[in-house]
1. Strictly greater than 15 Å: what percent of every Cα pair in the stretch 129-185 meets that?
2. What span do the alpha-carbon atoms of the stretch 256-345 cover on each of the three principal axes, reported in whole Å from largest to smallest?
3. Highest mean first, how do 138-150, 79-91 rank when packing is the count of other Cβ atoms within 10 Å averaged over residues?
4. So what's the gap between the Cα centers of the stretch 71-128 and the stretch 245-297, to the nearest angstrom?
5. Using per-residue counts of other Cβ atoms within 10 Å, averaged over each peptide, order 316-326, 331-341 from highest down.
6. Hey, what D do you get for the stretch 94-151 in µm²/s if you plug the Kirkwood alpha-carbon radius into Stokes-Einstein at 20 °C and 1.002 mPa s?
7. Answer rounded, prolate or oblate for the stretch 183-233, using the Cα gyration tensor with square roots of eigenvalues a ≥ b ≥ c: rounded when a/c is under 1.5, else prolate when a/b is larger than b/c, else oblate.
8. Please state the shape class of the stretch 216-298: rounded when a/c is under 1.5, otherwise prolate if a/b exceeds b/c and oblate if not, all from the C-alpha gyration tensor.
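Computed from the coordinates by the stated procedures, all read-outs in this text should not be read as laboratory data. Bear in mind the structure is a predicted one, so any value in this text is a computation, not a measurement. Every residue, glycine as well, gets a Cβ built from its backbone with ideal geometry; the counts of neighbours run over all protein chains shown.
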Ligand SMILES: N[C@@H](CCC(=O)N[C@@H](CS)C(=O)NCC(=O)O)C(=O)O
């Protein structure tokens, strides 16, 4: 029955096709409703699988009932994200810039956060206070469910659509928001193909940044700082070289996907590399300071920072595990690697 309805819907187009997608979304929602009500982390109501199945049994396959079921399911798109992760923040920032209704954000713990929370407990290890009132067991089960049912890589950002489809990879999720937002105020990917190509080029150059940023922060051998910083600086130069010279944003006079892509990394790694390694990314690259300042003055970015209580101190606390490369004291109570140090010392 399903395939024949699909072909009918496809051949008729319009309302029937919409109905099919809604119906399919309803089913996907049921498939993806694996947790009893008590298990959800956001306090919102989700039907348990058992309750959903009971309702489906009553529906007896009627399309209209299934569509109604979807409404009862309160299915909407869910962005699994986390302020602690710069990739996830790309998607969160893009959603602020290109809003859409019906997208709710769920905080999904990262492996890095578990690294702190498993040792220190949630009260101290959950630096952004994303998981207050939850137990570690709940969080681990939640993450396992996420890997099993939504994204096997366990990565944020991941966007689960109300159809059951999954959109993943930060720049792709960000671009999805850009393409689907009903908001007409700005586009993150310019309509003009030449401008769009410049955005892509800047993003491609920015892809070389996270590797050496993380490497420098995790580096436990001061003698290797110089070499890693050289690689990082070369990547920063290549990125800066393709940026707009008539404005402080990457391309054109306003924020594009390239700014979303790069600024979230410049922001937090600017802070933590200075704190933990005495390395100032912006000293040799003032153009990148201007880019970051332009983004940090945007109301949408400021709103995001305020919503999650982002401060330099919190970034510093969150990246302590990296700065020690995950080395703990023997009694497991404190981080005991290199931690904070001068550059090269
Ligand atoms: N290439 C991915 C990278 C995303 C990523 O590495 N996210 C990290 C957190 S910053 C993650 O979720 N890792 C899996 C985990 O922590 O379990 C993207 O651009 O979205």
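1. Values: 960 of 1596 pairs.
Pairs farther apart than 15 Å: 60 percent.
2. Per principal axis, max minus min of the Cα coordinates gives 47, 32, 19 Å.
3. Details: 138-150: 16.2, 79-91: 24.5.
Sorting 138-150, 79-91 by mean packing, highest first, produces 79-91, 138-150.
4. 23
5. Details: 316-326: 19.5, 331-341: 13.4.
Ranked from most to least packed, the peptides come out as 316-326, 331-341.
6. On the way: Rh = 12.7 Å.
For these conditions, the coefficient is 168 µm²/s.
7. Prolate shape, in that a/c is at least 1.5 and a/b is the bigger ratio.
8. Details: a/c = 2.67, a/b = 1.94, b/c = 1.38.
Cα axes put the stretch 216-298 in the prolate bin.
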